[in-house]
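For reference, the structure is listed below as structure tokens.
What follows draws every value from the coordinates through simple rules; no lab data is involved. Fair warning: this is a prediction, and the values are worked out from it, not measured in the lab. Please note: Cβ atoms are built from the backbone with ideal geometry, for glycine as well, and neighbour counts cover all protein chains shown.
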There are 2 protein chains.
Amino acid sequence: MYRNVFFALVLSMSCALPMSAGADEADDKAAIAAVWDSYETARMAGDADAWLALWDEEGVQMPPGMPARGKDVMIGGVPKAFTAMPASAMEIVPVETVILGDMAFSRGTYLAALTVKGNEVNVDGKFMTIFRRQPDGAWKIYRDIFNSNK
Amino acid sequence: MYRNVFFALVLSMSCALPMSAGADEADDKAAIAAVWDSYETARMAGDADAWLALWDEEGVQMPPGMPARGKDVMIGGVPKAFTAMPASAMEIVPVETVILGDMAFSRGTYLAALTVKGNEVNVDGKFMTIFRRQPDGAWKIYRDIFNSNK
């Protein structure tokens, strides 16, 4: 009896810890890579709604040239920015993605061709992003920061 | 006997998962805050060795204006940069630190007063950093990226 109680206690403790391990990790990494593919597609299409849908409801973006902003501020600013600065090309190259239970970090490089006030501008930079697993299992962007290599 | 084997299996599985929880979390966050204090002190003292000692041996820094660089490249460049651009003030304000087993992320803002070619320059930005727990329990900087708010 004593052993059964202790056994149940150990089981409940282990279940309270993050669940991911081994076989699921490849699925998680593939799901995060697919978010980056969707990010590129949404940005090139100028589809702010599709882009915003990739973010956790409590997401925070930390772009150069402004303070960190929450999703509410992004909703106000991103549609105008996508219209003002269309992207004819964008390539996100994750070089490292590490699953840490219900969070993950992903970092890498990006290239994009933007039109800014009529001029084609090639941007070249790097990023680091925290993803958070949603209740339905989807991974969304929770924290994101990037900067230029130039 | 069957139960004992299964019990041992559950125990070993739970031990393979990240260890942190509850009471230790406050200690981990305090240890990471102390790294940021040491970062400020080392930068203001121009002490590149003390600053480099805060980094994991596999650390990668992602500063604006250059590609990501490993610790070997930092060792070559940081002492010269500290001498060329002394900091009379630096304040790092972590606004969020999340422990994820043997890794953690910390993000926040920073202010610094640098002397660049004889001119005082005030910098104001934000950062996001992954820390990795070392075999001896210390937390070191594993991945770090930052950018300017201006």
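For chain B, modelled as a GNM whose springs connect Cα atoms under 10 angstrom apart, the maximal fluctuation among B:D28, B:D72, B:D136 occurs at B:D136. Per-residue ellipticity at 222 nm, computed for the protein assembly as shown from helices alone with -39500 (n - 2.57) per DSSP H run of at least four residues, works out to -12500 deg cm²/dmol. Our analysis of the range B:40-111 gives Rg over Rh at 0.97, with the two radii drawn from alpha carbon positions and Rh computed by the Kirkwood formula. Under a 5 Å amide H cut-off, with hydrogens placed 1.01 Å from N, A:G101 pairs with A:S20 among residues at least 5 apart or on other chains. Rounded to a whole number, what is D in µm²/s for the range B:18-148 from Stokes-Einstein with the Kirkwood radius over alpha-carbon pairs (25 °C, 0.890 mPa s)? Estimated via Stokes-Einstein, D reaches 161 µm²/s.
For the range B:97-137 versus the range A:117-144, the spacing of their alpha-carbon centroids is 20 Å. Working note: Cα atoms of the protein assembly as shown, range along each principal axis, descending, whole Å: 74, 49, 31.
Candidate cross-link partners of B:K80 among the lysines, defined by an alpha-carbon separation under 23 Å and a same-chain spacing of 8 or more, comprise A:K150, B:K71, B:K117, B:K140.
Going from the fewest other Cβ atoms within 10 Å to the most, the residues A:V116, B:V98, A:V60 appear in the order A:V116, B:V98, A:V60. Restricting attention to the protein assembly as shown, close to 90% of DSSP beta bridges with both partner residues there are antiparallel.
A simple count of charges around A:D24, restricted to other residues whose Cβ falls under 14 Å of its Cβ and scoring Lys, Arg +1 and Asp, Glu -1, yields -2.
What residue among A:E58, A:E40, A:E91 has the largest mean-square fluctuation in a Gaussian network model of chain A, using Cα springs under 10 Å? Taking springs between Cα atoms under 10 Å, the residue moving most is A:E58. Positive contributions from Lys and Arg (+1) and negative ones from Asp and Glu (-1), summed over other residues with Cβ under 10 Å from the Cβ of A:R133, come out at -2. Using a Gaussian network model of chain B in which every pair of alpha carbons under 10 angstrom is joined by a spring, one finds that among B:K140, B:K117, B:K71 the greatest mean-square fluctuation is at B:K117. Taking the fewest neighbouring Cβ atoms within 10 Å as the starting point, the ordered list for A:S88, B:S38 is A:S88, B:S38.
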